[in-house]
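Participant: Structure incoming, see below.
The values are calculated or read from the model by the stated rules, or taken from the named source; none is laboratory data. All of these numbers come straight from a predicted model, not from anything done at the bench. Every residue, glycine among them, receives a Cβ derived from its backbone with ideal geometry; neighbour counts consider all protein chains shown.
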Amino acid sequence: MKEGRGDGLQGNGPAQLFGRRRGRPPGANHPPIRQGNAVAPEQPGHLVRAEPVRPALQCFGDDSGRLVRPPGDNVSIYVMDGGAKRHVTSPAAMATCGYGWDAVAVLPAGTIAAFPNGPALSGAPCPQAAFANGTLLVGSEGKVWVMQNGQRRWVTDPGAFISCGYHGFEIDRIADSIIAAFPQGANLSGPPCP
């Protein structure tokens, strides 16, 4: 399948895919909450601004379910599956697999070429993203989620974030469609923490 969209996640380019360290937005009149190396969200449960700190695909463990494409117009989209890239053959295959267009990340052509080819993907079964317990995620709305047993749990406030021992640099910014694919569990307001 070819897709001419030139952006990565959330319309801001491929840098939006990777892990983030939270910073203070320009003009903010309040400092981030810090305890040691931990940086907590300024608004309860929300990440205001972030900058990349982790390399591509690192937050996905074995990278299965990650959608990637090289830069440029009219290029193929691939889904990662156990370390191999699989060509997604059509928009219908994207829809059948429940993949969101916002989840397609732009990676350098050389990086994509380095992955071995797997069989083309034209429908189910479809590789899906999976995250280890304790993985911290954030989408465009700024809510910080922690993964536990295949569910996403909202970290409701800075106190919960810090008391769980989480750090801002551990948060991975990913597409809203990936986050929404996981059922929402109980909010996390403090220990015990995954």
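Participant: Name the one entry in G150, G165, G100, G185 that is among the small types (G, A, S), in contact (Cβ under 8 Å) with a residue 12 or more places away in the chain and in the same structural domain as P70 (by TED's automatic domain parsing).
Facilitator: G100
Participant: Right, something else. For residues that are acidic (D, E) and in contact with a helix residue (DSSP H, G or I) (Cβ under 8 Å, 6 or more places away or on another chain), tally how many sit in the range 122-172.
Facilitator: Going through the range 122-172 one residue at a time, the tally reaches 2.
Participant: Look through the range 176-188, keep the residues that are out of contact with any Gly (no Cβ under 6 Å at 6 or more places or on another chain) and crowded, with 16+ Cβ neighbours inside 10 Å, and return whichever of them is nearest to D102 (Cα to Cα).
Facilitator: I178
Participant: Residue check: is G190 small (G, A, S), in contact (Cβ under 8 Å) with a residue 12 or more places away in the chain and part of a loop (DSSP other than H, G, I, E, B)?
Facilitator: yes
Participant: I've got another one for you. Of the residues G61, G98, which is among the small types (G, A, S) and at pLDDT below 90?
Facilitator: So the residue among G61, G98 that is among the small types (G, A, S) and at pLDDT below 90 is G61.
Participant: Scan N133, N117 and give me the residue that is farther than 21 Å from D73 by Cβ, touching a His at 6+ places or on another chain (Cβ under 9 Å) and surrounded by fewer than 21 Cβ atoms within 10 Å (Cβ to Cβ).
Facilitator: Checking each option against the conditions leaves just N117.
Participant: Here's something else I'd like to know. Among R69, R152, which is the only one that is under 30 Å from G190 (Cβ atoms) and of a type in the set (K, R)?
Facilitator: The unique qualifying residue is R152.
Participant: Can you tell me which residues in the range 63-97 are closer than 24 Å to G134 by Cα and loosely packed, with under 14 Cβ neighbours inside 10 Å?
Facilitator: Matches in the range 63-97: G82, G83.
Participant: Does W145 satisfy being under 12 Å from the mean Cα position of the chain (by Cα), modelled with pLDDT of 95 or more and in a strand (DSSP E or B)?
Facilitator: Judged against the criteria, W145 is a match.
Participant: Test F169 against the stated conditions and say whether it is assigned to a loop (DSSP other than H, G, I, E, B), at pLDDT 90 or above and surrounded by fewer than 22 Cβ atoms within 10 Å (Cβ to Cβ).
Facilitator: Answer is no for this residue.
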